[in-house]
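Worksheet for the structure shown next.
FYI, it's all coordinate maths here, none of it is from the lab. On a predicted model such as this, the values are computed, not experimentally measured, just so you know. Cβ placement follows ideal geometry from the backbone for every residue including glycine, while neighbour counts extend to all protein chains displayed.
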Amino acid sequence: MTGRIAHPKIEKLIVERWSPRAFDGSEISQEDLEVILEAAGWAPSAYNVQPWTFLYARKGDANWDLLLSQLVEFNQGWAKDASALVFIVSDKYMRSDEGNTDNHSHSFDAGAAWAMAALQAQAMGYHTHGMTGIKFGEAEAALGVPEDHRLEAAFVIGRKGPKEVLPEFLQEREVPVGRKPVSEIARAGKFA
Ligand SMILES: Cc1cc2nc3c(=O)[nH]c(=O)nc-3n(C[C@H](O)[C@H](O)[C@H](O)COP(=O)(O)O)c2cc1C
């Protein structure tokens with residue numbers, strides 16, 4: 001699946017978003033970061049409970065090393081040159097005075113929020129790269145994520161850098177990848 005040929009009616013922002021690993025190590029302002037995370041918060045969610053929490057660090061700040069070290073070594077190797085690192089946490093429960101009930105879509109809704117962040121970042125000239133290559137099992141404790149929440153994924157935000165900052169095997173992968181055709185991902189009616 002190489003190359004990107006999309007229907008011309010699809011928004012450019014959607015087709016042009018992709019996930020590089022080569023970043024230039026530049027700073028992101030607190031304001032830009034908050035704009036991107038606010039955009040995430042504009043995602044729809046079941047009953048508008050907005051089950052997401054974003055744990056972030058900007059490159060070199062007091063939380064950066066703690067957050068970066070929760071990624072698997074492979075991801076640390078390139079994510080270190082991004083401008084911000086964000087961990088996405090979701091609340092497993094719908095909470096009310098009458099008690100808590102399972103929130104069926106807490107992960108689904110957090111995923112929608114991450115996609116909003118990715119598109120907002122793209123519109124502002126940044127790139128994002130999502131990751132589940134996280135030291136799950138220890139990262140939750142290190143980040144203080146409570147048992148009734150789920151550590152979903154992480155993503156970096158940064159400005160694209162030259163691919164030469166990457167080891168050779170990753171330089172080859174520094175290209176936007178394609179997608180399955182809509183005929184393969186969508187069916188009229190039943191699954192089977
Ligand atoms: C939830 C999620 C987890 C991912 N985990 C990793 C990861 O741990 N390491 C990595 O290098 N890329 C990771 N990726 C990036 C995907 O491989 C990438 O998004 C996919 O190949 C599609 O490419 P594109 O984003 O450039 O369109 C992840 C993406 C998502 C959405």
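Just to verify a result, which residue in region 130-151, among those that are among the charged types (D, E, K, R) and in contact (Cβ under 8 Å) with a residue 12 or more places away in the chain, is surrounded by the most Cβ atoms within 10 Å (Cβ to Cβ)? Working first, answer last.
First, the residues of region 130-151 that are among the charged types (D, E, K, R): 135, 138, 140, 147-148, 150.
Among the residues that remain, those that are also in contact (Cβ under 8 Å) with a residue 12 or more places away in the chain are: 135, 138, 148, 150.
Numbers: 135: 15, 138: 11, 148: 10, 150: 18.
That would be 150.
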Original post:
Which condition number does residue 140 fail, the rest of (1) closer than 19 Å to residue 72 by Cα; (2) more than 16 Å from the ligand (Cβ to nearest atom); (3) in a loop (DSSP other than H, G, I, E, B) being met?
Top reply: (3)
Original post:
Of the residues that sit in region 151-170 and are within 13 Å of the ligand (Cβ to nearest atom) and not aliphatic (A, V, I, L, M), which one is farthest from residue 55 (Cα to Cα)?
Top reply: 169
**OP:** Could you tell me which residue of region 1-56 is farthest from residue 132 (Cα to Cα), considering only residues that are within 16 Å of the ligand (Cβ to nearest atom) and polar (S, T, N, Q)?
**Re:** 2
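Does residue 187 qualify as being free of Cβ contacts under 8 Å to residues at least 60 places away in the same chain and either in a loop (DSSP other than H, G, I, E, B) or touching a Leu at 6+ places or on another chain (Cβ under 8 Å) (or both)?
On the way: free of Cβ contacts under 8 Å to residues at least 60 places away in the same chain: yes; either in a loop (DSSP other than H, G, I, E, B) or touching a Leu at 6+ places or on another chain (Cβ under 8 Å) (or both): yes.
In short, yes.
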**OP:** Report, by residue number, each residue of region 126-137 that is more than 10 Å from the ligand (Cβ to nearest atom) and either under 18 Å from residue 16 (Cα atoms) or in contact with a Lys or Arg (Cβ under 9 Å, 6 or more places away or on another chain) (or both).
**Re:** 126
Subject >> Breaking point among (1) within 10 Å of the chain's Cα centre (by Cα); (2) surrounded by fewer than 17 Cβ atoms within 10 Å (Cβ to Cβ), for residue 124 >> reply: (1)
Subject >> Of all residues making up region 55-77, the number that are of a type in the set (A, V, I, L, M, F, W, C), free of Cβ contacts under 8 Å to residues at least 60 places away in the same chain and touching a Leu at 6+ places or on another chain (Cβ under 9 Å) >> reply: 3
Original post:
For region 154-174, what are the residues that are in a loop (DSSP other than H, G, I, E, B) and either surrounded by 13 or more Cβ atoms within 10 Å (Cβ to Cβ) or touching a His at 6+ places or on another chain (Cβ under 9 Å) (or both)?
Top reply: 159, 161, 166, 174
**OP:** Could you run through region 78-125 and say how many residues are without any contact (Cβ under 8 Å) to a residue 40 or more places away in the chain and within 12 Å of the ligand (Cβ to nearest atom)?
**Re:** 0
